[in-house]
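What follows draws every value from the coordinates through simple rules; no lab data is involved. Treat the numbers as computed from the prediction; the structure is a model and nothing was measured. Every residue, glycine as well, gets a Cβ built from its backbone with ideal geometry; the counts of neighbours run over all protein chains shown.
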Amino acid sequence: MRITILFFAAFIFISAQFITAQNCVDCHKDITPNIVTDWQLSKHSENDVDCSVCHGDGHTPATDVEKVELPTPRPVNPAMKLR
């Protein structure tokens, strides 16, 4: 029983992430098609790094664009320097 509950919870979590990414793609393929194509061909897409990883998940409908997080280049390790 416990395994069934854990499996179901994992399925819901993974499904929710896919739905979120797909919602981004569905909307943005009309608004910013070149950016969507770039992402679809990128290592991010190949490795399931969806939009929310860099841009947050606060922006969902087109009416709340101000909630989008715009990433700035920053090293993962603070000791590293950007080129």
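Which net charge results when you count Lys and Arg as +1 and Asp and Glu as -1 among the other residues whose beta-carbon is under 12 Å from that of ALA21?
-4
Near THR60, within a Cβ-to-Cβ distance under 12 Å, what is the net charge of the other residues, with Lys and Arg +1 and Asp and Glu -1?
Working: positive: LYS67; negative: ASP26, ASP57, ASP64.
Spelling it out: positives minus negatives among the neighbours equals -2.
Can you tally the net charge around CYS51? Count Lys and Arg as +1, Asp and Glu as -1, for every other residue whose Cβ sits under 14 Å from the Cβ of CYS51. Please report the intermediate quantities before stating the final value.
On the way: positive: LYS29, LYS67; negative: ASP26, ASP38, ASP48, ASP50, ASP57, GLU69.
Net local charge, CYS51 excluded: -4.
Hey, rough spin-label estimate for THR63 and ASP30, points 7 angstrom out along Cα→Cβ, what's it come to in nanometres?
It works out to 1.6 nm between the two label points.
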